[in-house]
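All remarks here apply to the structure that follows.
The values are calculated or read from the model by the stated rules, or taken from the named source; none is laboratory data. Keep in mind it's a predicted model, so treat the numbers as computed, not measured. Here the Cβ positions follow ideal geometry from the backbone for every residue, glycine too, while neighbour counts run over all protein chains shown. Surface accessibility is based on the protein's heavy atoms, side chains included, excluding ligands, DNA and RNA. Shrake-Rupley method; radii C 1.70, N 1.55, O 1.52, S 1.80 Å.
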Amino acid sequence: MLLGLWLGAAVFFGAAVAPTVFGVLRGAQLSNANELAGMMVQRFLAIINRGGFEISLFLLVTAYFLSKRQSRLIRSAEMISLAIMAIMTGVSHWIISARMLALRAAMQTPIDQITGSDHRRIAFDALHGYSVAAMGVAILAGLAAFLIMARPKAVPGR
(Lines give C-alpha, C1' and ligand atoms only; values in the text may rest on other atoms or scores of the structure.)
Protein backbone atom coordinates (compact mmCIF):
# COMPACT_ATOMS: atom_id res chain seq x y z
CA MET A 1 0.00 0.00 0.00
CA LEU A 2 2.80 2.45 0.87
CA LEU A 3 4.55 1.82 -2.41
CA GLY A 4 1.30 2.20 -4.37
CA LEU A 5 0.60 5.51 -2.65
CA TRP A 6 4.09 6.78 -3.43
CA LEU A 7 3.87 5.66 -7.06
CA GLY A 8 0.55 7.46 -7.44
CA ALA A 9 1.91 10.63 -5.87
CA ALA A 10 5.09 10.57 -7.98
CA VAL A 11 3.23 10.01 -11.26
CA PHE A 12 0.59 12.62 -10.37
CA PHE A 13 3.33 15.11 -9.50
CA GLY A 14 5.18 14.59 -12.78
CA ALA A 15 2.11 14.41 -15.01
CA ALA A 16 -0.17 16.98 -13.39
CA VAL A 17 1.29 19.12 -10.61
CA ALA A 18 4.57 20.33 -12.12
CA PRO A 19 3.20 21.13 -15.61
CA THR A 20 0.13 22.83 -14.12
CA VAL A 21 2.13 25.03 -11.74
CA PHE A 22 4.43 26.17 -14.55
CA GLY A 23 1.52 26.67 -16.95
CA VAL A 24 -0.60 28.71 -14.55
CA LEU A 25 2.23 30.98 -13.43
CA ARG A 26 3.52 31.50 -16.98
CA GLY A 27 -0.05 32.27 -18.09
CA ALA A 28 -0.24 35.01 -15.45
CA GLN A 29 2.51 36.83 -17.38
CA LEU A 30 4.67 37.21 -14.26
CA SER A 31 8.24 38.32 -14.90
CA ASN A 32 9.51 35.65 -12.51
CA ALA A 33 7.01 32.87 -13.32
CA ASN A 34 9.66 30.17 -13.75
CA GLU A 35 11.37 31.17 -10.51
CA LEU A 36 8.12 30.96 -8.52
CA ALA A 37 7.01 27.73 -10.20
CA GLY A 38 10.44 26.18 -9.64
CA MET A 39 10.32 27.04 -5.95
CA MET A 40 6.89 25.42 -5.58
CA VAL A 41 7.83 22.34 -7.58
CA GLN A 42 11.07 21.97 -5.61
CA ARG A 43 9.11 21.83 -2.34
CA PHE A 44 6.67 19.26 -3.69
CA LEU A 45 9.52 17.22 -5.16
CA ALA A 46 11.33 17.24 -1.81
CA ILE A 47 8.29 15.60 -0.20
CA ILE A 48 8.03 13.02 -3.00
CA ASN A 49 11.76 12.20 -2.89
CA ARG A 50 12.05 11.96 0.89
CA GLY A 51 8.89 9.88 1.04
CA GLY A 52 10.17 7.56 -1.68
CA PHE A 53 13.52 7.21 0.04
CA GLU A 54 11.95 6.40 3.43
CA ILE A 55 9.33 4.03 2.00
CA SER A 56 11.85 2.14 -0.11
CA LEU A 57 14.24 1.73 2.85
CA PHE A 58 11.39 0.53 5.07
CA LEU A 59 10.21 -1.95 2.45
CA LEU A 60 13.76 -3.09 1.76
CA VAL A 61 14.27 -3.99 5.41
CA THR A 62 10.87 -5.66 5.76
CA ALA A 63 11.30 -7.54 2.47
CA TYR A 64 14.50 -9.02 3.79
CA PHE A 65 12.67 -10.53 6.76
CA LEU A 66 9.25 -11.23 5.26
CA SER A 67 10.12 -12.74 1.90
CA LYS A 68 12.08 -15.76 3.09
CA ARG A 69 9.65 -18.14 1.36
CA GLN A 70 10.09 -16.56 -2.07
CA SER A 71 12.53 -17.89 -4.59
CA ARG A 72 15.97 -16.32 -4.44
CA LEU A 73 15.46 -14.73 -7.87
CA ILE A 74 12.14 -13.08 -6.95
CA ARG A 75 13.46 -11.92 -3.59
CA SER A 76 16.61 -10.48 -5.19
CA ALA A 77 14.62 -8.69 -7.90
CA GLU A 78 12.35 -7.12 -5.28
CA MET A 79 15.26 -6.00 -3.11
CA ILE A 80 17.27 -4.67 -6.07
CA SER A 81 14.25 -2.69 -7.29
CA LEU A 82 13.74 -1.17 -3.85
CA ALA A 83 17.45 -0.38 -3.53
CA ILE A 84 17.43 1.38 -6.91
CA MET A 85 14.39 3.38 -5.85
CA ALA A 86 16.11 4.40 -2.60
CA ILE A 87 19.30 5.38 -4.41
CA MET A 88 17.52 7.40 -7.10
CA THR A 89 15.25 9.29 -4.71
CA GLY A 90 18.18 9.94 -2.36
CA VAL A 91 20.47 11.16 -5.16
CA SER A 92 17.69 13.31 -6.57
CA HIS A 93 16.95 14.93 -3.22
CA TRP A 94 20.34 15.26 -1.54
CA ILE A 95 22.60 15.74 -4.55
CA ILE A 96 20.77 16.96 -7.65
CA SER A 97 18.18 19.20 -5.95
CA ALA A 98 20.82 20.57 -3.57
CA ARG A 99 23.03 21.54 -6.53
CA MET A 100 20.08 23.12 -8.32
CA LEU A 101 19.28 25.21 -5.23
CA ALA A 102 22.92 26.26 -4.92
CA LEU A 103 22.99 27.31 -8.59
CA ARG A 104 19.80 29.32 -8.21
CA ALA A 105 21.25 31.07 -5.16
CA ALA A 106 24.48 31.81 -7.06
CA MET A 107 22.51 33.43 -9.89
CA GLN A 108 21.28 36.15 -7.49
CA THR A 109 18.52 37.03 -9.96
CA PRO A 110 15.42 35.08 -10.97
CA ILE A 111 16.22 32.27 -13.35
CA ASP A 112 13.83 33.86 -15.88
CA GLN A 113 16.33 36.71 -16.31
CA ILE A 114 19.34 34.44 -16.95
CA THR A 115 20.06 33.87 -20.63
CA GLY A 116 20.04 30.37 -22.03
CA SER A 117 23.70 30.69 -22.97
CA ASP A 118 24.85 31.52 -19.42
CA HIS A 119 26.99 28.67 -18.04
CA ARG A 120 24.93 28.63 -14.80
CA ARG A 121 21.69 28.27 -16.74
CA ILE A 122 23.20 25.50 -18.88
CA ALA A 123 24.33 23.68 -15.72
CA PHE A 124 20.90 24.19 -14.13
CA ASP A 125 19.12 22.81 -17.19
CA ALA A 126 21.44 19.77 -17.23
CA LEU A 127 20.70 19.13 -13.55
CA HIS A 128 16.99 19.40 -14.29
CA GLY A 129 17.40 16.68 -16.92
CA TYR A 130 19.20 14.49 -14.40
CA SER A 131 16.42 15.11 -11.89
CA VAL A 132 13.76 14.02 -14.38
CA ALA A 133 15.80 10.93 -15.28
CA ALA A 134 16.34 10.01 -11.62
CA MET A 135 12.62 10.32 -10.90
CA GLY A 136 11.82 8.20 -13.96
CA VAL A 137 14.20 5.46 -12.87
CA ALA A 138 12.83 5.60 -9.31
CA ILE A 139 9.27 5.25 -10.60
CA LEU A 140 10.18 2.31 -12.84
CA ALA A 141 12.05 0.59 -10.00
CA GLY A 142 9.15 1.24 -7.63
CA LEU A 143 6.71 -0.15 -10.18
CA ALA A 144 8.83 -3.27 -10.62
CA ALA A 145 8.92 -3.79 -6.84
CA PHE A 146 5.18 -3.15 -6.62
CA LEU A 147 4.42 -5.75 -9.30
CA ILE A 148 6.66 -8.29 -7.60
CA MET A 149 4.99 -7.68 -4.24
CA ALA A 150 1.50 -7.81 -5.73
CA ARG A 151 1.94 -11.02 -7.71
CA PRO A 152 0.07 -14.06 -6.44
CA LYS A 153 2.09 -16.14 -4.04
CA ALA A 154 2.50 -19.85 -4.68
CA VAL A 155 0.48 -21.93 -2.24
CA PRO A 156 2.30 -25.06 -1.02
CA GLY A 157 0.62 -28.28 -2.11
CA ARG A 158 -1.08 -26.83 -5.19
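Numbers for the structure displayed
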item	result
Rounded tilt (10° steps) of 2-12 against the dominant C-alpha axis of the chain	30 degrees
More than 14 angstrom apart: percent of Cα pairs within segment 1-82	69 percent
Principal-axis tilt of helix 33-66 within the chain, Cα atoms, nearest 10 degrees	10 degrees
Projected label distance in nm at A83 and R120, using a 7 Å step from Cα toward the beta-carbon	3.9 nm
Carbon and sulfur %, accessible surface of segment 66-149 computed with the full protein complex present, 1.4 Å	69 percent
Principal axes of the chain: Cα extent on each, largest first, Å	68, 27, 20
Cα long-axis angle, helix 119-150 against the chain (0 to 90 degrees, to the nearest 10)	20 degrees
Accessible area in the full protein assembly, largest first, 1.4 Å probe, for T109, T89, T20	T20, T109, T89
Modelled label reach - L147, point 7 Å along Cα→Cβ, segment 73-92 residues with backbone N closer than 20 Å	73-89
Relative contact order (percent, whole number), the chain, Cα cutoff 8 Å, 6+ residue spacing	28 percent
Extension gain, S71 back to A16 (0.36 nm per residue minus Cα-Cα distance, nm)	16.0 nm
Whole-angstrom gap from segment 104-146 to segment 66-99, using each part's C-alpha centre	22 Å
Gain on full stretching of the segment that runs from R43 to T109 - 0.36 nm per residue minus C-alpha separation	21.8 nm
Segment 92-158: chymotrypsin sites (Phe, Trp or Tyr not before Pro) falling in loop per DSSP and having at most 12 other Cβ within 10 Å	none
